[in-house]
Amino acid sequence: MATTRRPFVGGNWKMNTTRAAGLELARAVADAARAHPEAEVVVYPSFPFLEGVRERVSGSGLSVGGQDCAGHQTGAHTGQVSAAMLQEVGCASVLIGHSERRHGLSESDALLSMKLHRAVECGLQPVLCVGETLAQREEGNADGVIAQQLHGALHGHSEQSLAALVIAYEPVWAIGTGRTAAVSDAEAAHRTVRQTLADLYSARFAEQVRVVYGGSVHAKNAAELFGCEEIDGGLVGGASLVAADFATIIASAASRSSMRRGR
Ligand code: 13P
């Protein structure tokens, strides 16, 4: 069945760029987003640069999101940033459960479920990241880990509340390593995501949620990845910091949607 899912491309800047470099990068990405309205494009700068980047890209069609939000609504949580704060500075989206937080900061599925609640109640698009480690893949447990992460983070959430949900499948061993998942492996993992969503909610919901791939996506492999029916776009780290490369990735995602129309 041909889908009508709009391609999604996220640029996760992680803890990179100066303010000036971020604003310059945002301007270039806004031009690429404007040229390819078929794709939804979101950049995720560091918290201090969110408001400036959002102002810089205003009116371009490029959206801005936070790399994380707190599980609490407000209060004594030193160093954390709430979903409401993100919303107030103009964010449309937020990453939840990136592997650098799951593994680097020991974030649990229960905490991610709380973060998801906070994002939803503030009207932010949640981009929930899932993915297995190399050891888990080598044990033959990649599908089990993906399903378990989805069950854990989505616990207590209704289908209605998750209308804007995007899932990013990011195998941990492919992030920042230059080692991209084989298209067939990524495709199989995306099917696992969709089947788990169908089991948890409904086939209709599973068909409508965008599932994007992350992990060493670059200008040269994006077209092949996004040419796959199951892969609705990408969440990009390193290559999203290079304006020309990210523009090529955006164009690859956008042409996915015109290929589909031509079918
Ligand atoms: P790289 O594209 O640098 O592998 O990072 C992927 C990622 O973590 C996006 O969230």
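Summary of computed values
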| read-out | value |
| --- | --- |
| Residue in the range 135-154 that is open to solvent by less than 20 Å² (accessible area, probe 1.4 Å), part of a loop (DSSP other than H, G, I, E, B) and within 22 Å of residue 208 (Cα to Cα) present | no |
| Pairs where the first residue, in the range 165-186, is over 18 Å from residue 239 (Cβ atoms) and the second is modelled with pLDDT of 95 or more and among the aromatic types (Phe, Trp, Tyr), C-beta under 7 Å, 6+ apart | 166/8 |
| Complete set of residues in the range 226-247 that are open to solvent by less than 20 Å² (accessible area, probe 1.4 Å) and free of Cβ contacts under 8 Å to residues at least 40 places away in the same chain | 239 |
| Scope the range 1-33; condition assigned to a loop (DSSP other than H, G, I, E, B), surrounded by 14 or more Cβ atoms within 10 Å (Cβ to Cβ) and of a type in the set (S, T, N, Q); matching residues | 16, 17 |
| Among residues of the range 216-241, those that are aliphatic (A, V, I, L, M), within 11 Å of the ligand (Cβ to nearest atom) and out of contact with any strand residue (DSSP E or B) (no Cβ under 6 Å at 6 or more places or on another chain), counted | 3 |
| Residues of the range 1-21 satisfying the condition of being touching a Lys or Arg at 6+ places or on another chain (Cβ under 9 Å) and at pLDDT 95 or above | 5, 6, 7, 8 |
| Selection count where residues are touching a helix residue (DSSP H, G or I) at 6+ places or on another chain (Cβ under 7 Å) and of a type in the set (Lys, Arg), scope the range 185-204 | 1 |
| Candidates 117, 36, filtered to the one that is modelled with pLDDT of 95 or more and surrounded by 19 or more Cβ atoms within 10 Å (Cβ to Cβ) | 36 |
| Selection count where residues are within 16 Å of the ligand (Cβ to nearest atom) and of a type in the set (Lys, Arg), scope the range 117-136 | 0 |
| Residue 108 being polar (S, T, N, Q) and within 27 Å of residue 63 (Cα to Cα) | no |
| Within the range 169-184, tally of residues that are in contact with a helix residue (DSSP H, G or I) (Cβ under 9 Å, 6 or more places away or on another chain) and farther than 24 Å from residue 104 by Cβ | 1 |
| Matching option when the condition is within 18 Å of residue 8 (Cα to Cα) and within 15 Å of the ligand (Cβ to nearest atom), among 193, 211, 172 | 211 |
| Candidates 182, 222 - the one that is among the hydrophobic types (A, V, I, L, M, F, W, C) and crowded, with 18+ Cβ neighbours inside 10 Å | 222 |
| Pair list, Cβ under 7 Å, 6 or more apart: the range 10-25 residue polar (S, T, N, Q), other residue within 10 Å of the ligand (Cβ to nearest atom) and open to solvent by less than 50 Å² (accessible area, probe 1.4 Å) | 12/44; 12/67; 12/95; 12/235; 12/236; 12/237; 12/240 |
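Table: residues versus (1) touching a residue at least 60 places away in the same chain (Cβ under 8 Å); (2) crowded, with 18+ Cβ neighbours inside 10 Å.
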residue	(1), (2)
193	yes, yes
202	no, no
207	yes, no
254	yes, yes
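The values are calculated or read from the model by the stated rules, or taken from the named source; none is laboratory data. A quick note: this is a predicted structure, and the numbers were derived from the prediction, not measured. Every residue, glycine as well, gets a Cβ built from its backbone with ideal geometry; the counts of neighbours run over all protein chains shown. Please note that ligands, DNA and RNA were not included when accessible areas were found on the heavy atoms of the full protein model with its side chains. Shrake-Rupley method; radii C 1.70, N 1.55, O 1.52, S 1.80 Å.
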